[in-house]
Amino acid sequence: MFGGIDSFPLLAVPMFILSGIIMARGGISKRLFDLFSFFIGKRTAGLPCAAVITCLFYGAISGSGIATVAAVGSMTIPLLVELGYDKKFCTALVAVAGSLGVIIPPSIPFIMYGMASGESVSDLFMAGVVPGLLIGALLMVYAIYYCKKHGEDKEKIAAEIDQLHAKGFIGVFKESFFAILSPVIILGCIYTGIASPTEAAVISVFYSLVVSLFIYKSMKFKDIWGIMVEGVRTYAPILFILAASIAFSRVLTLMRVPQSISAWILGNFHNKIVILLVINIFLLIVGMVMDTTPAILILTPILLPIVTAIGMNPIHFGVMMVVNLAIGFVTPPIGVNLFVASSLTDIPVMKIAQKAMPLIICFLIALLLITFIPQISLALL
């Protein structure tokens with residue numbers, strides 16, 4: 001059990017979690033939102049679209065869907081409701097857009113998949129960029145359709161955006177510059193070869209500490225202990241799941257379960273499209289009832305031989321798998337993003353899930369495109 005968690009790539013996970021918590025406390029999500037609102041706030045669905053883009057950017061900082069929903073939702077939902085948007089719509093939008101946190105690099109599930117499959121984590125990160133942008137674009141298209149259908153309070157929105165415009169572009173950009181620089185530094189270090197994903201995660205912790213303590217001054221030294229405690233509380237359960245699921249996946253391998261399942265599927269289904277659809281449906285169901293980390297660690301050794309047998313690139317499969325499981329973040333009964341969003345707004349989980357259905361359909365359309373058009377995932381490799 002403990003041999004499995006003695007892994008250098010795994011160190012990136014607690015570091016990205018810690019970095020996400022520091023940035024949430026440091027008010028970085030608010031500065032990102034202000035910058036995007038400055039440009040598109042007055043357009044149809046400008047502010048909901050700014051919330052989606054903020055989730056994309058915040059996902060590129062924290063690597064976690066839950067952290068993205070908590071940090072972006074706590075700041076954007078009250079503001080959007082105040083400006084006249086439907087509370088359930090805003091909550092559902094941020095809950096679903098928060099799932100982008102695990103697709104846009106750096107992504108904790110990609111690190112897990114890289115560990116389980118032996119594939120390059122840097123390649124997986126690169127492969128997640130275009131799918132993440134595609135899903136974000138589809139969510140924004142639906143937000144525009146929704147706002148055109150239900151209308152917006154243009155006067156209130158204009159007044160809010162005018163306050164931002166009064167600061168001027170330079171003022172808003174100055175405030176958000178270090179927030180925007182964060183994903184550039186993290187991903188830049190990985191792709192230029194300066195640092196491995198694990199080292200980049202440690203850099204992101206120190207960078208977020210310096211920005212929050214000395215530049216934005218939104219945090220004090222006495223807050224660090226509380227942040228460390230929160231980080232340990234978040235990571236400790238993940239660590240036990242990791243240890244158990246790594247041991248379980250090794251037992252499965254010794255019992256030749258992956259080979260048996262692989263032989264059964266390949267023996268009963270002969271069409272590549274049917275096999276991929278069966279795997280997608282299976283992963284969607286698993287995502288609804290199982291946490292992402294054990295799902296990836298247990299199912300990768302089982303499913304990877306099947307997809308490689310039909311000629312699918314393991315990196316492409318990794319993206320498909322993570323997108324499937326990301327949908328599980330917003331589908332009951334386990335949908336953690338729904339529970340986080342519900343705790344922020346006191347709206348029952350099932351009510352948010354109902355409002356999120358059209359957004360989940362957008363996610364499913366993107367999933368089918370990602371599954372059957374490999375170039376979407378492999379374009380940047």
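Within 10 Å, at most 11 other Cβ atoms, and a DSSP state outside H, G, I, E, B define an exposed site. Report the longest part of the chain free of exposed trypsin sites (Lys or Arg not before Pro). Don't skip to the end; give the middle numbers.
Values: sites that count: Lys217, Lys220, Lys222, Arg256.
In the chain, the maximal stretch lacking such sites is 1-216.
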_Asp162, Asp346, Asp86 arranged by Cβ crowding within 10 Å, fewest neighbours leading_ = Asp346, Asp162, Asp86
*Measure nothing fancy, just the Cα-based angle from helix 121-150's long axis to the longest principal axis of the chain, in degrees from 0 to 90, nearest 10.*
50 degrees
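Let's see if you can work this out: charge +1 on each Lys and Arg Cβ, -1 on each Asp and Glu Cβ, no other charges. What is the dipole magnitude of the chain about its Cα centre, in debye to the nearest 20? It would help to have the intermediate numbers written out before the result.
Numbers: 22 positive and 17 negative charges, 75 e Å.
It works out to roughly 360 debye.
What is the order of Thr192, Thr293, Thr300, fewest Cβ neighbours within 10 Å to most?
On the way: Thr192 8, Thr293 21, Thr300 24.
Starting with the residue having the fewest Cβ neighbours, the order is Thr192, Thr293, Thr300.
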*Give me the distance in nm between label points sitting 7 Å out from Cα along the Cα-to-Cβ direction at Ile365 and Leu381, one decimal.*
2.7 nm
*Under a plain spin-label model, where a point goes 7 Å from the Cα along Cα-to-Cβ, how far apart in nm are Ser7 and Ser120?*
1.9 nm
*Return the single residue from Thr44, Thr91, Thr292 with maximal mean-square fluctuation; model: Gaussian network over the chain, springs between Cα atoms under 10 Å.*
Thr44
_For Lys42, give me every one of the lysines with a C-alpha distance below 22 angstrom, ignoring sequence neighbours fewer than eight places off in its own chain._
Lys30, Lys87, Lys88, Lys148, Lys149, Lys154, Lys156, Lys167, Lys174
*Pairing the Cα long axis of helix 87-97 with the longest principal axis of the chain, what angle in degrees results, from 0 to 90 and rounded to the nearest 10?*
50 degrees
*Out of Ile22, Ile246, Ile194, any idea which swings most in a Gaussian network model of the chain, alpha carbons joined below 10 Å?*
Ile194
_On C-alpha positions alone, give me the angle between the axis of helix 314-327 and the longest principal axis of the chain, in degrees, nearest 10._
60 degrees
_Pairwise over distinct Cα atoms, reciprocal of the mean inverse distance: report the Kirkwood radius of the stretch 268-381 in Å, one decimal place._
15.0 Å
*Can you pull the Rg over Rh of the chain, Cα-only, Kirkwood?*
0.97
*Inter-centroid distance (Cα atoms) of the stretch 184-207 relative to the stretch 318-335, Å*: 26 Å
*In the Gaussian network model of the chain, springs joining C-alpha atoms below 10 Å, which of Val184, Val72, Val322 carries the largest mean-square fluctuation?*
Val184
*asked:* How far apart, in nanometres, would the label points at Ile241 and Gln259 be if each is projected 7 angstrom from Cα along the Cα-to-Cβ direction?
replied: 3.1 nm
*Using a cut-off of under 19 Å, list every residue of the stretch 208-233 whose amide N is near the label point 7 Å from the Cα of Lys174 along the Cα-to-beta-carbon line.*
211-218
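The numbers here are math on the coordinates, done by the rules we state, and not lab data. Quantities reported herein were computed from a predicted structural model and do not represent experimental measurements. Positions of Cβ are generated from backbone atoms using ideal geometry, with glycine treated the same way; all protein chains shown enter the neighbour counts.
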